[in-house]
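A short write-up of the structure that comes next.
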Amino acid sequence: MSKGEELLTRYEKEVEAIWRDMTPKSRALGERAEEFTPGGALRSHSTGTYLAYCDRVDGSHMYDVDGNRYIDLIVGMTSIIGHNHPKVAAAVQKQVPKGLVTFMPDEGWDVLAEMMCSRVPSVEKVWPAFGGSQAFMWAILAARAHTGRQKILKIWGGYHGTYDDAFAMPPKASPGLPENTLDNILMTNWNDPEGTEKIIRENKDDLAAVITEGVQTGGTIPPSDGYLTFLREQTEKYGIVLIFDEIVNFWLDHGGTGALYDVKPDLCVYGKGIGGGLPMGLVGGHNDIMKLFSQKEAFRIAAIAAHQGDPVTVAASTACLDIMTADAIARINSNGELLADGIRGVLRDVGITGQVIGYGNHQSVHLTTADEVTNPVAYLMNANKPGLREAMALFRRSLINKGVITLEALMALRVSTPLTESEIETTLAAMRESFMEIHPILKEVAPDLVA
Ligand SMILES: Cc1ncc(COP(=O)(O)O)c(C=O)c1O
């Protein structure tokens, strides 16, 4: 066993011992879940060798069933208004006595629809779904119906939910997906205009849509100068539908990332935090495509579902949009930069090379060089190097042991509206300790990253 492996093994034991001590009830619940649920506990982001079970969430905190309190930098992927916002709770409580699902048009949807259309410069009409994946399924359906073409161009490192074509990535369809799904999927690299231009040009007659995010969520890598404008110009030139995935990054700007980077996509897809904590999805865009959703059109897509636009979710979503004013977004963006600067300072102090990148309230920490971090493929190869990957996973588990919960892998950090400056300080103090703990390990497994 190398010295690095030895240190990793010892540190793993220490982190695990603390975790087991903190969370006996979660452990028991996890064991029980094995009996009835495939794979046991739900959720794919680990919190340790087994998952913490949540008792309740509130504001910027998560409380587990063992009585531990965590600063929550995931916020329900990503309820950026924090948990249980009183205005959302009040809107839901007002609607509940009036009914949960009516299968009628409900009063209230008009307010939400108008808010979205006046908020997002490229959106003229919106249509409700009940989650990001379903909204994506319909956006892709609309793009294909509009263009009469089949192929979709996606960007490596992006994730757009679990609908077949949104999920499928070459070289192999994932289990259960027909192999021929891949016939319609093309991939390109983020921030690579030359490579992307070539693929678009060569497939211009077959491409229905190009799907992108404004800031790539996998690693929170911002677009290089002009990349999104370039995508807009190319898609416009060949009549391809440009779809922006705003599911995670809508909250970076009052009008979403399209407004932030001054690009008008044809369609935008919303989900997650847009529901204020309830499962909402939306497709929005130009009327010439959105009319395909109209029940009055003979040529229309099948974008209907029993629960879409239910009045409780619509009420929660409307309250959420009300809360997320331009000022509220400016404040969390500035807090996000405060956190990012703080982490850069911690890394400098402890002598570890790392990059903190992202935009405003959405940041990630990458233990890598500045060059590599702008290239998701190179970055992922580095981050997955044996030793470094394990050290980062243990870093994150050690943070959780100290009461700070983040997403794994790329350590996406979301700064929500209730997160205070003092909680940012607490987070930085925990990070300092955990980075110091992994420093001797990094010296062995990634010596180029430590001073
Ligand atoms: C960027 C992005 N797009 C789409 C989705 C899919 O949304 P949902 O999980 O609501 O289906 C996700 C979910 O993780 C996401 O992060």
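The values are calculated or read from the model by the stated rules, or taken from the named source; none is laboratory data. Computed from a predicted structure; not experimentally measured. No Cβ is skipped: glycine too gets one built from the backbone with ideal geometry, and neighbour counts run over all protein chains shown.
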Q: Only residues in the stretch 239-260 that are within 14 Å of residue 284 (Cα to Cα) count as the first member; pair them with residues that are within 11 Å of the ligand (Cβ to nearest atom) and among the acidic types (Asp, Glu), Cβ under 6 angstrom, at least 6 apart or cross-chain, and list the lot.
A: 245/213; 256/246
Q: Could you list all residues from the stretch 150-166 that are among the aliphatic types (A, V, I, L, M) and either within 13 Å of the ligand (Cβ to nearest atom) or in contact with an Asp or Glu (Cβ under 9 Å, 6 or more places away or on another chain) (or both)?
A: 152, 155, 166
Q. Can you name every residue in the stretch 60-99 that is part of a loop (DSSP other than H, G, I, E, B) and among the β-branched types (Val, Ile, Thr)?
A. 65, 74, 75, 78, 80, 81
(Q) Looking only at the stretch 36-59, filter to residues that are in a strand (DSSP E or B) and not hydrophobic (A, V, I, L, M, F, W, C); which one of those is farthest from residue 20 (Cα to Cα)? (A) 59
Q) Quick one: would you say residue 284 is within 16 Å of the ligand (Cβ to nearest atom), surrounded by 22 or more Cβ atoms within 10 Å (Cβ to Cβ) and outside any strand (DSSP E or B)? A) no
(Q) Criterion first (at pLDDT 95 or above, away from the ligand (no atom under 11 Å from the Cβ) and buried (at least 20 other Cβ atoms within 10 Å of the Cβ)) does residue 121 satisfy it? (A) no
Q) Out of all the residues in the stretch 132-142, is one or more under 22 Å from residue 261 (Cα atoms), surrounded by fewer than 18 Cβ atoms within 10 Å (Cβ to Cβ), touching a residue at least 24 places away in the same chain (Cβ under 8 Å) and not aromatic (Phe, Trp, Tyr)? A) no
Q) Restricting attention to the stretch 391-410, which residues are under 18 Å from the mean Cα position of the chain (by Cα) and part of a loop (DSSP other than H, G, I, E, B)? A) 406, 407, 408, 409, 410
Q) Does residue 107 meet the test of being more than 25 Å from residue 236 (Cα to Cα), away from the ligand (no atom under 13 Å from the Cβ) and surrounded by fewer than 19 Cβ atoms within 10 Å (Cβ to Cβ)? A) yes
Q. How many residues, within the stretch 106-125, are of a type in the set (Val, Ile, Thr) and under 20 Å from residue 208 (Cα atoms)?
A. 1
Q) Condition test on residue 317, is it among the hydroxyl-bearing types (Ser, Thr, Tyr), surrounded by fewer than 22 Cβ atoms within 10 Å (Cβ to Cβ) and either in a helix (DSSP H, G or I) or modelled with pLDDT under 90 (or both)? A) no
Q: Within the stretch 272-319, track down each residue that is in contact with a helix residue (DSSP H, G or I) (Cβ under 6 Å, 6 or more places away or on another chain) and either among the hydroxyl-bearing types (Ser, Thr, Tyr) or not assigned by TED's automatic domain parsing to the domain that holds residue 105 (or both).
A: 313, 317, 318
Q: Determine, yes or no, whether residue 91 is surrounded by 15 or more Cβ atoms within 10 Å (Cβ to Cβ), in the same structural domain as residue 427 (by TED's automatic domain parsing) and touching a helix residue (DSSP H, G or I) at 6+ places or on another chain (Cβ under 7 Å).
A: no
Q.
Take residue 198 and tell me if it is loosely packed, with under 14 Cβ neighbours inside 10 Å and of a type in the set (Lys, Arg).
A. yes
